[in-house]
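The values are calculated or read from the model by the stated rules, or taken from the named source; none is laboratory data. Keep in mind it's a predicted model, so treat the numbers as computed, not measured. Neighbour counts are summed over all protein chains in view; Cβ atoms, including those assigned to glycine, are modelled from backbone coordinates with ideal geometry.
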Amino acid sequence: MHVFISYARRDQSSITQLRADFERLGHQVWFDREHNGGQEWWDQVLRRVRDCRALVFALSPDSVRSAACLAELRYALALRRPVLAVRVRPVDSDVLPRELRGEVVEYADRTPESVIALLKAFNALPIPKPLSGRLPAAPEIPTTYLDAYLARIDADDLSHTEQAELFDQLSARLDDPQERPAVWDLLVRLRGRAGLSPLVSVKMERLLAPGGSPTRAAGSTCGTGTARAGPRWSGTAGASSTTATPRRRPRRTCPPCWRRAGPTSCR
C-alpha cells in the first residue's frame, strides 16, 4: 500500500522532497502529477485514496483552500484511512480544517530533526483496515469556472475568432496569483491544439517563450532579477537624445513580468 500525498500545486517543490524522504524510509508514494481535470482524472485520484496506507496532507495557505485537497482529505477520513498533517509552508492554525487541528509535523524548514519527527509521526499511525461492505459516497469532481475554458479548448470546433477570444481572456487572468499556474497550463493546452490561427500562434509564442514561468514575480526580467526600464520620451518631436526620441518597443523574448502555483483541477 502506498502513501497518498494531498497537496496544492504551488507546493510541488516541497512535495518532491517530502516524497523522497518517504521513499528513503521504505514507503511507496503516490501524488497527483497531472492536474488535468476531468472525470477520468478525478476517478483515478479517488481510487488512489481508497488504496492508500495513509493520506499525508501537505499544509499550506493554498492547500487549506483547495477544493480538491479538502475533498481528498474528507474522503480519506470517511474511508477510515489514517491522516497525517505535514506543514510545508507557514499557515495560520486558525484557518486549518477542523479535521487537521491536532498533531502537525513541521516540515517547512526541512532539517534532520524534522525528518525524524516525520518518521515517528507516520509510524504512530494505525494500520488501516481492509475496505469492505458499502463504501461511502465518492465526492464529486471539484469544478471551477476554469473548467469551462478547458471544455472550450478541447471542443471539436473552435474558430479563429474564438481562439483569439480565449487567448485574450486567459492571458488577462495571469495577473491573479491564485490562478496563474492553472491559466498557464490552459494556455499551453491551447497552444498545442491543431489548427491554431497564425495570429494567436505568434502571440502565444511571445507569451510562453522559453525561459518563461507561470510563477515569475513582479518586476523580474528573464532571469536577471532586475526590472528593465526603457528610455523615457520627453514628448518633443525630432529630439536627438535617447531621452527625447521614442523607441520601438522590442519584441519580448520571455513572458511579460507579471504581478502574480494542481489548475483546471482546482488545486
task: Please find, among VAL91, VAL86, VAL49, the residue that is within 16 Å of ASP11 (Cα to Cα) and touching a Phe, Trp or Tyr at 6+ places or on another chain (Cβ under 7 Å).
output: VAL86
query: Would it be correct to say that GLN178 is under 25 Å from the mean Cα position of the chain (by Cα), in a loop (DSSP other than H, G, I, E, B) and either modelled with pLDDT of 90 or more or not assigned by TED's automatic domain parsing to the domain that holds TRP42 (or both)?
result: yes
task: Please work out if PRO136 is over 20 Å from the mean Cα position of the chain (by Cα) and at pLDDT 50 or above.
output: yes
message: Let me spell it out: the conditions are (1) surrounded by 14 or more Cβ atoms within 10 Å (Cβ to Cβ); (2) under 16 Å from ILE153 (Cα atoms); (3) at pLDDT 90 or above, and ARG206 meets all of them except one. Which number is the exception?
response: (2)
message: Restricting to the range 3-24, count the residues that are at pLDDT below 90 and farther than 19 Å from LEU46 by Cβ.
response: 5
task: Report yes if some residue within the range 135-149 is touching a helix residue (DSSP H, G or I) at 6+ places or on another chain (Cβ under 8 Å), assigned to a helix (DSSP H, G or I), surrounded by 11 or more Cβ atoms within 10 Å (Cβ to Cβ) and not hydrophobic (A, V, I, L, M, F, W, C); otherwise report no.
output: yes
message: Suppose we filter the range 97-110 for residues that are exposed (fewer than 15 other Cβ atoms within 10 Å of the Cβ), under 22 Å from the mean Cα position of the chain (by Cα) and in a helix (DSSP H, G or I); how many remain?
response: 0
